[in-house]
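The values are calculated or read from the model by the stated rules, or taken from the named source; none is laboratory data. Worth saying up front: this structure is predicted, and the values here are computed from it rather than measured. Positions of Cβ are backbone-derived with ideal geometry, glycine not excepted, and every protein chain shown enters the neighbour counts. To get the accessible areas, we keep the full protein, side chains included, count just its heavy atoms, and leave off ligands, DNA and RNA. Shrake-Rupley method; radii C 1.70, N 1.55, O 1.52, S 1.80 Å.
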Amino acid sequence: MEGYLIAIFISILIYLLLAGGLALQYGFTGLVNFGHVGFFAIGSYTSALLALKGVPIPISLAAATALAALSAYPLGMIALRLGGDYLAIVTLGFSEAVRMMLQTEEWLTRGMHGLPGIPRLFAGWVEPQKTDLLILILLVVVCVGVFFLIHHIIKSPFGRVIEAIRDNEVAVRALGKNPAQFKTRSLMLGAGIAGLAGGLQAHYLTFISPEQYVPLITFYIWIALVLGGVGSLRGVVMGTVLLVGFLEGSRFIRDVIGGVSEVQMASLRIWVIGVALICVILYRPQGLFGSSPKRSR
Amino acid sequence: MALLSVEKITAGFGGFRALDDVDLKVGQGELVGLIGTNGAGKSTLFSVATGYIPASSGRVHFAGQDITGLAVHHRVRRGLARTFQVPREFSNLTVFDNLMTAAPEQEGEKLSALVFSRGKIRQEEERLTAKVCDVMDFLNLRGVEGELAGKLSGGQKKLLELGRLLMLEPKCIMLDEPFAGVNPVLIEQLCERVIELNQRGIAVLIIEHNLAELARIVPRLYAMDRGRVIAHGSPDAVLADPAVREAYMGGVI
């Protein structure tokens, strides 16, 4: 039971990192990124492959963050000159291309067999059952740090410009600023955070394979953002906690109430999320916890 | 020597010639009006001069340099700024933040500076805050500084756009229908401000349909029709020009 709760919380925290990155990109810059999972996958595989080669985990995680951020750079150069809808399609295509590459480049990734035996965080520090708790604590620290960083960024003059771009890009150009430059940086920052999340997940699960990185992950994060409210970090956190808590926790509910099969429960889960999403969009379009996006001084 | 000089500009969309061989000059510190019926090409001329729309032929010079091929933001950095016919405020930012955003070349816009030069950013923010306060005083925006820009009235949005331009300390401002949809009291106020800015040495080019108001403040006027400049000179001369009367009023007056 305790182990199960820890697993749920770890899952929530990893999604929280992903949501933080997307919030920076979409909530504060207005970039419609439908390929967030691609950066997550790049982070996972980078960190896993390096660690399997004997690179210490802190370094492999840093490399995962850096490579995910760098992979957003060419994407930014190509796509950010185009309008928002094009970016959505380009990023979705990008994440699928990443997944296909992970499937086919077997010499590197072992393809569909996946990568087993990835070194676990804190392995050898304490007895194996206790590492989960340490990973949970690490994730809490990382999440707090990352959200503090995001908060600091959006309250800065840089944050002012990206929010201005979200509101009216043409007017930002009229002020002598080059929006593409700011958008590329925002995309890279969000991608880097997703890469870090990917690395951490790989060193927690110890096994990764391409089918973990389907577009559904991206859309779960989008759902979390829409539910909670995109314009505020509080909304992003609450939306993610609610959604992932529900997704993971509903398995536990099935054990308690009984009489519902696993398949039925899966359908029920999607149904509940769908209804919740429709209700939020109808009655609270700014999200459950989305305050007015006014900046405080 | 003109500050802004548009020479033989032709531009179009598909087969349609929105601008046909247009010449226009704005001298250093001059106040110039631009009139014309809807679709005459006034806003297109603004967009070509500021780089939003490419010209198919002709040159644009500013402050003695050829800026024809420059991107919008590079032209703005040289001191050529504009407003839009429909205000483009940053609706989810406060009036104060709208003005702060407009300040050019901010150290705090660099991500590296957020980590390494936080003290410098703080100083810069203080300096810019003082400047924003001056601009708000000048434009009478003090009472709404904490409001979201999207919630302002149409007239206040026009003032805010003008305020953002002032943060840029431009050499020349191009105002696209600054008085449209603004109540008469605020028009008076806007007019006074524009004149005062001009007296400070900023060249101004104004598109306006409110001919009476415009003729009162500008010493020189251009009139356009169907993509061409059809008259220019003193307001009286331009408004009396037969071609202008024909185009504007269908010759009824």
Using r as the Cβ-Cβ distance of A:MET100 and B:GLU188, and R0 as 56 Å, what FRET efficiency do you calculate, to the nearest 0.05? 0.30
Residue by residue through region A:93-106, which ³J(HN,Hα) values in whole Hz follow from phi under the Karplus form 6.51 cos²θ - 1.76 cosθ + 1.60 (θ = phi - 60°), with glycine and proline marked x? x, 4, 5, 5, 5, 4, 5, 4, 5, 5, 6, 9, 7, 5
Compute the long axis of helix B:184-199 from its Cα atoms, compare it with the longest principal axis of the Cα atoms of chain B, and write down the angle in degrees, 0 to 90, nearest 10. 80 degrees
Once phi is turned into θ = phi - 60°, what whole-Hz ³J(HN,Hα) does the Karplus curve with 6.51, -1.76 and 1.60 give for every residue of region B:52-58, x standing for Gly and Pro? 6, 10, x, 8, 7, 7, x
Placing +1 on the Cβ of each Lys and Arg and -1 on the Cβ of each Asp and Glu in region A:2-214, which of A:ASN178, A:PRO119, A:THR46 has its Cα farthest towards the positive end of the resulting dipole? A:ASN178
Rounded to the nearest 10 Å², what accessible area does B:SER43 have for a 1.4 Å probe in the complete protein model? 40 Å²
Over the protein assembly as shown, what is the percentage of antiparallel beta bridges among all DSSP beta bridges, to the nearest 5? 55 percent
Evaluate the distance, in nm, between pseudo-label points positioned 7 Å from the Cα of A:ARG284 and of A:HIS113 along their respective Cα→Cβ axes. 4.9 nm
List the accessible area buried at the contact between B and A, summed over both sides and calculated with a 1.4 Å probe, in Å² to the nearest 100. 2900 Å²
Once the dipole of the protein assembly as shown is set up with Lys and Arg at +1 and Asp and Glu at -1 on Cβ about the Cα centre, which of A:VAL144, A:PHE158, A:VAL263 lies farthest towards its positive end? A:VAL144
Using Stokes-Einstein with the Kirkwood hydrodynamic radius over Cα pairs, what translational diffusion coefficient do you get for chain B at 10 °C and a viscosity of 1.306 mPa s, in µm²/s rounded to a whole number? 83 µm²/s
Could you give each residue of region B:10-26 its phi-based ³J(HN,Hα) in whole Hz, using Karplus coefficients 6.51, -1.76, 1.60 with θ = phi - 60°, and x for Gly or Pro? 10, 8, x, 10, x, x, 8, 8, 6, 10, 10, 6, 8, 10, 7, 10, 10
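Rounded to the nearest 500, what is the 222 nm mean residue ellipticity of chain A from helices alone, with -39500 (n - 2.57) per DSSP H run of 4+ residues and division by all residues? Don't jump to the answer; show the numbers that get you there.
Numbers: 12 runs with 215 residues, N = 297.
When only DSSP H runs of four or more count, the value is -24500 deg cm²/dmol.
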Sorted by accessible surface (1.4 Å probe, heavy atoms of the protein chains only), largest first, A:TRP222, A:TRP125, A:TRP271 come out as A:TRP125, A:TRP271, A:TRP222
What size of dipole, in debye to the nearest 20, comes out for region B:1-107 about its Cα centre when the only charges are +1 on Lys and Arg C-beta atoms and -1 on Asp and Glu C-beta atoms? 200 debye
Partner chain Cβ atoms within 10 Å, averaged over the residues of B:111-121 - can you pull that number for me? 2
In Å², what does the accessible area per residue of region A:206-297 work out to with a 1.4 Å probe? 53 Å²
Judged on accessible area alone, 1.4 Å probe, highest first, A:HIS203, B:HIS74 line up as B:HIS74, A:HIS203
Would you calculate a helix-derived [θ] at 222 nm for chain B, using -39,500 (n - 2.57) for each DSSP H run of n ≥ 4 and dividing by the full residue count, to the nearest 500? -12000 deg cm²/dmol
Among A:ALA64, A:ALA48, A:ALA97, residue whose mean-square fluctuation peaks in a GNM of chain A (springs only between Cα atoms under 10 Å): A:ALA97
For the B:GLN123, A:VAL275 Cβ pair and Förster radius 60 Å, calculated FRET efficiency rounded to 0.05 is 0.70
Listed residue (A:GLY27, B:PHE96, A:GLN201) projecting farthest to the positive dipole end of the protein assembly as shown, Cβ model: A:GLN201
